[in-house]
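Encoded as structure tokens, the structure appears first; notes follow it.
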Amino acid sequence: MFAAAGDNGAFDDYEVDHSRAHVVDDPGSQSYVTCVGGSKLTVNAKTGTYKSEVVWNDGPFGASGGGISQVWPMPNYQAKVDTTDSKTHRNTPDVSLNADPNTGYANFFDGQWTAVGGTSCAAPSWAAFIVRVNQAREEKGMKPVGFLNPVVYAIGKGASYKVNFHGITKGNNLVYKAKVGYDNASGWGSFNGAKLLRTLANEKDIVKN
């Protein structure tokens, strides 16, 4: 299950209570959910290929959610990760994907095309990617990936991380800064689609059935 990290940075109930900071979204902050943050994607102008990403941050009403849960304890898969501020509670997000409306997703509505963004686009895009992974695994007679977070964190801590993910190391979500490895602004970053698909569709050592 995938859920959006939210679109107001680390202040995700800012519209309700301006005095509260460091608020994360639920159900994205629950331990058995893969929480998806947001990035700003830049592609090569000529080829359309991947160029770079930074944390999506257009201000209080347009930035990747992420931070530390005040409710849910740290899950086992985060226990040995260099998390930003908390070693006791759930850190979010787990991963990210493009969420900037300016570089976002084409949407046909009411007879015209528009561009939309937000982590509510990033989360179902990750879900659709895993559908493709599970389809590839089924064709090989293998079981579905199942709960993704232990798999993602195993890859993140392993030697193949830079092959399978685009790590996001620049930008912030109004509180937390991106850095090498895991962070509370972008998680482990975005998927390197073809390569992560190949890994998850083939690697029995990483995917625990």
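Readers should treat all values here as calculations from the given coordinates under stated rules, not as data from a laboratory. As the structure is a prediction and not an experimental result, all values here were calculated from the model. FYI the Cβ positions are ideal-geometry reconstructions off the backbone, even for glycines, and counts take in every protein chain you see.
Spin-label model, residue 50 to residue 115: label points 7 Å out along the Cα-to-beta-carbon direction sit 2.0 nm apart.
Based on DSSP H segments of at least four residues, each scored -39500 (n - 2.57), the chain has a per-residue ellipticity at 222 nm of -6000 deg cm²/dmol. In the chain, Cα pairs under 8 Å separated by at least six residues give a relative contact order of 24 percent.
Taking label points 7 Å from Cα along the Cα-to-Cβ direction, residue 43 and residue 87 give a separation of 4.3 nm.
Look at the alpha carbon pairs under 8 Å that are at least 6 residues apart: their mean separation over the length of region 132-209 gives a relative contact order of 34 percent. Would you mind checking the pairs 80/143; 87/179; 40/162; 46/179 and listing those with alpha carbons more than 25 angstrom apart? Over 25 Å apart, Cα to Cα: 80/143; 46/179. GNM on the chain, alpha-carbon springs under 10 angstrom: the most fluctuating residue among 191, 129, 11 is 129. Averaging Cα coordinates gives a centre for region 91-131 and one for region 57-78; these two points are 18 Å apart.
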